[in-house]
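Just below is one structure, and these are the notes that go with it.
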Amino acid sequence: MSDAKPTRFFRLGKLMGLLLLGLVTYLVALVIWVPAGWLWQQASGHVRLPSQVSVRQVSGTLWEGAAGLEVLGYPVRVTWGLGAPSLTGLSLPLEVRLDSVRSHLEGHLTLTWPGAGSLDARGRVDVAEFEDLIRRSGGAMIEGAVDVERLHLVWRDRSLSEADGLARWGGGRVTWPMAGQVGAADFPPMLAEMTRRPGGVSLSVRAAEAPGPAADVQVSWDGMMDIRVYKRMVDLAGQPWSDAARPSDVVFRVRQPLVPGGL
């Protein structure tokens with residue numbers, strides 16, 4: 001016979017381990033199933049949104065849910081799904097999608113502690129949906145849709161450290177305000193490329209099959225927008241201009257808020 005003493009199955013260390021495992025399981029389940037609407041009610045008083053952005057409804061759970069917003073008077077639906085968090089990288093991945101009536105943007109968002117993150121997205125913008133906003137800002141109106149083929153953003157310490165994007169328009173009719181009248185012309189396919197610059201982002205617009213920008217837009221973090229139009233754009237529109245001007249000469253420049261009335 002063996003002289004080994006029998007041991008108890010529920011030793012103190014094992015019992016503490018089981019209790020800890022149960023607590024972790026409970027907390028994970030709580031995070032997964034807690035109603036997103038209840039969380040927003042608790043947090044909404046501490047979240048400062050731009051004046052022209054409002055949250056109308058939040059549904060689902062923190063793990064997978066949706067929110068109905070109103071942005072500049074347009075209804076926007078945001079849906080999200082959380083992925084498995086990385087404890088070593090202190091990051092949380094999300095699949096996100098934004099839908100308006102006829103436009104959408106979807107992609108992968110990663111939030112990293114503390115105060116960092118990245119977004120990779122693509123989508124399609126139906127320009128006619130936002131005609132009122134474009135007209136109010138005095139911009140040119142294009143027909144059809146713009147395909148956002150690439151949008152890459154990285155931020156750290158509450159500032160944008162990387163910005164890269166590419167959008168494509170297949171060409172067509174363009175109209176714009178001109179001395180109390182409306183100008184119009186047929187344009188070829190166009191590309192818009194976004195890059196980061198000190199204090200904001202830059203958007204360069206050019207014909208898809210031609211070198212050099214036809215226009216560029218500088219957007220600053222204070223909400224102001226600087227627009228420069230080059231003679232290349234005048235040539236694309238078929239408008240008369242001095243023969244002495246070079247394609248790279250700036251023929252029009254304006255500075256105005258990005259959104260009429262501001263945010």
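The values are calculated or read from the model by the stated rules, or taken from the named source; none is laboratory data. None of these values were measured; they are calculated from a predicted model. Neighbour counts run over all protein chains shown; Cβ positions are idealised from the backbone, glycine included. Areas reflect the complete protein model, heavy atoms only, side chains present, ligands, DNA and RNA absent. Shrake-Rupley method; radii C 1.70, N 1.55, O 1.52, S 1.80 Å.
Give me the accessible area of residue 186, 1.4 Å probe, in Å² rounded to the nearest 10.
100
Where the accessible area of the chain is counted over protein heavy atoms with a 1.4 Å probe, how much of it, in %, is carbon and sulfur? All intermediate terms of the calculation are to be shown ahead of the outcome.
Numbers: 10370 of 17000 Å².
Carbon with sulfur: 61 percent of the solvent-accessible area.
Taking the radius of gyration and the Kirkwood hydrodynamic radius from Cα positions alone, what is the Rg/Rh ratio for the range 168-263, to two decimal places? It would help to have the intermediate numbers written out before the result.
On the way: Rg = 14.1 Å, Rh = 14.5 Å.
Result: Rg/Rh = 0.98.
Through the Karplus equation 6.51 cos²θ - 1.76 cosθ + 1.60, θ set to phi - 60°, convert the phi angles of the range 87-99 into ³J(HN,Hα) values in whole Hz; use x for Gly and Pro.
Whole-Hz 3J(HN,Hα) from phi for the range 87-99: 6, 6, x, 6, 10, 10, x, 9, 9, 10, 8, 10, 10.
When the helices in the chain are scored as -39500 (n - 2.57) per DSSP H run of 4 or longer and the sum is shared across all residues, what 222 nm value do you end up with, to the nearest 500 deg cm²/dmol? Don't skip to the answer; put the middle values down first.
Details: 4 runs with 43 residues, N = 263.
Theoretical 222 nm ellipticity from helices: -5000 deg cm²/dmol.
Nearest 20 debye, what's the magnitude of the dipole of the chain about its Cα centre given +1 on Lys and Arg Cβ and -1 on Asp and Glu Cβ? Please list the in-between numbers first.
On the way: 27 positive and 26 negative charges, 184 e Å.
The dipole of the chain has a size of about 880 debye.
Net charge near residue 243, counting Lys/Arg +1 and Asp/Glu -1 over other residues with Cβ under 15 Å of its Cβ?
Numbers: positive: 231, 232, 246; negative: 235, 249.
Charge balance in the 15 Å sphere: +1.
Please sort 209-215, 164-170 by packing, taking for each peptide the average over its residues of neighbouring beta carbons within 10 angstrom, highest first.
Details: 209-215: 15.4, 164-170: 17.6.
Highest to lowest by the protection proxy: 164-170, 209-215.
Distances longer than 23 Å among the Cα atoms of the chain: what percent of all pairs is that?
Values: 22212 of 34453 pairs.
That fraction is 64 percent.
Taking amide H atoms as placed 1.01 Å from N in the peptide plane, list the residues 5 or more away in sequence, or in a different chain, whose amide H sits under 5 Å from that of residue 62.
Residues meeting the criterion, in which the H sits 1.01 Å from N, are 34, 36.
Tell me, what HN-Hα J-couplings in whole Hz come from the Karplus equation 6.51 cos²θ - 1.76 cosθ + 1.60 at θ = phi - 60° for each residue of the range 75-85, using x for Gly and Pro?
Running phi through 6.51 cos²θ - 1.76 cosθ + 1.60 with θ = phi - 60° gives x, 9, 10, 10, 10, 8, x, 7, x, 6, x Hz.
For the range 72-140 and the range 151-177, what is the separation of their Cα centres, given in Å?
12
Note the angle between two axes, namely the Cα long axis of helix 12-33 and the longest principal axis of the Cα atoms of the chain, as a number of degrees from 0 to 90, rounded to the nearest 10.
Once rounded, one gets 30 degrees.
When N is the residue count of the range 112-169, what does its C-alpha Rg come to as a fraction of 2.2 N^0.38 Å? Please list the in-between numbers first.
On the way: Rg = 15.0 Å, N = 58, 2.2 N^0.38 = 10.3 Å.
The reported ratio for this selection is 1.46.
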